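The next block holds one structure in the form of structure tokens; read it before the comments.
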Amino acid sequence: MLAAGGGRRFGGAKLAARLDGWSVLDRALAAMLAVPAIERIVVVLGAHADEVRAAADLGAVETVVCEDWDEGIAASLRAGLEPLADAAAVVVTLGDQPFITPQVIAAILARADGPAPAARATYRGRPGHPVLIKRQLFGEVRSLRGDAGARDLLAAAGVLELECGHLCPDQDIDTPADLEAARRLVTRG
């Protein structure tokens, strides 16, 4: 789970913000923890690592700190992949997406036995998370740089896309207004 960003648009440690009694990160982690097929969960921290650790319950997961988090998402991907280098595949989720469900994660993970080297959730046709990346792409992920993530790599590799908009909203929290919208969504629940 990628949780290293600086939260510039939010104005600070957005993953430590409270949402329905939980930290934003805890809500995102709950979905990963609810998928029995996931053997290990690695949370990549970076900016605000101490504040996020203090706000979240990270006892059931491994954490790594991405020291070069300000490089962008590629640095976080590399940091998260390092302790999982022997895995057959990894599932990448984002700490600022508190509404991703265990069903979506399990649906993407179920594609691990298929022929495609990667699979990703889409929402109304737009690429999103979670993303499954098989070991055959790990070397290319390690060579990524900047803030573009793996989108181009996945497209070139022939990523399998699975529409998941009917299973959950893909809303992320980037700004204080996004957090308020998420709070309204929880209240309507």
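The order of the peptides 111-121, 73-83 by mean Cβ neighbours within 10 Å, most packed first, is 73-83, 111-121.
Oblate is the label for the range 4-68, because the ratio a/c of its alpha-carbon gyration tensor axes (a ≥ b ≥ c) is 1.5 or higher and a/b is not greater than b/c. What the Cα atoms of the chain give is an Rg and a Dmax of 15.4, 44 Å.
The Cα center of the range 148-170 and the Cα center of the range 1-77 differ in position by 21 Å.
Residue by residue, the range 129-139 carries 3J(HN,Hα) couplings of 10, x, 10, 9, 10, 7, 3, 4, 9, 4, x Hz when phi is fed to the Karplus relation 6.51 cos²θ - 1.76 cosθ + 1.60 (θ = phi - 60°); x denotes Gly or Pro. Placing a label point 7 Å from the Cα of Arg40 along the Cα-to-Cβ direction, the residues of the range 134-178 whose backbone N falls under 15 Å of that point are 135. Each residue of the range 83-100 was assigned a 3J(HN,Hα) from its phi angle through the Karplus expression (A = 6.51, B = -1.76, C = 1.60, θ = phi - 60°), giving x, 10, 4, 8, 5, 6, 6, 10, 10, 9, 10, 10, x, 9, 10, x, 10, 5 Hz with x at Gly and Pro.
One chain, two ends: Glu62 and Ala156. Fully extended at 0.36 nm per residue, the span grows by 30.8 nm beyond their Cα-Cα distance.
Residues with beta-carbon under 15 Å from that of Ala182, excluding Ala182: net charge, scoring Lys, Arg +1 and Asp, Glu -1? Mind showing how you got there, number by number?
Details: positive: Arg9, Lys14, Arg18, Arg27, Arg183, Arg184, Arg188; negative: Asp20, Asp26, Asp96, Asp170, Asp172, Asp174, Asp178, Glu180.
Charge balance near Ala182 sits at -1.
By the compact-protein rule of thumb, 2.2 N^0.38 Å, the alpha-carbon radius of gyration of the range 141-184 corresponds to a ratio of 1.62. Relative contact order of the range 1-120, please, whole-number percent, based on alpha carbon pairs below 8 angstrom and at least 6 residues apart. Answer for the range 1-120 is 34 percent.
In this structure, the amide hydrogen of Gly46, modeled 1.01 Å from its nitrogen in the peptide plane, lies closer than 5 angstrom to those of Cys66, counting only residues at least 5 positions away or on a different chain.
FYI, it's all coordinate maths here, none of it is from the lab. Small disclaimer: the values here were computed from a predicted structure and weren't measured. FYI the Cβ positions are ideal-geometry reconstructions off the backbone, even for glycines, and counts take in every protein chain you see.
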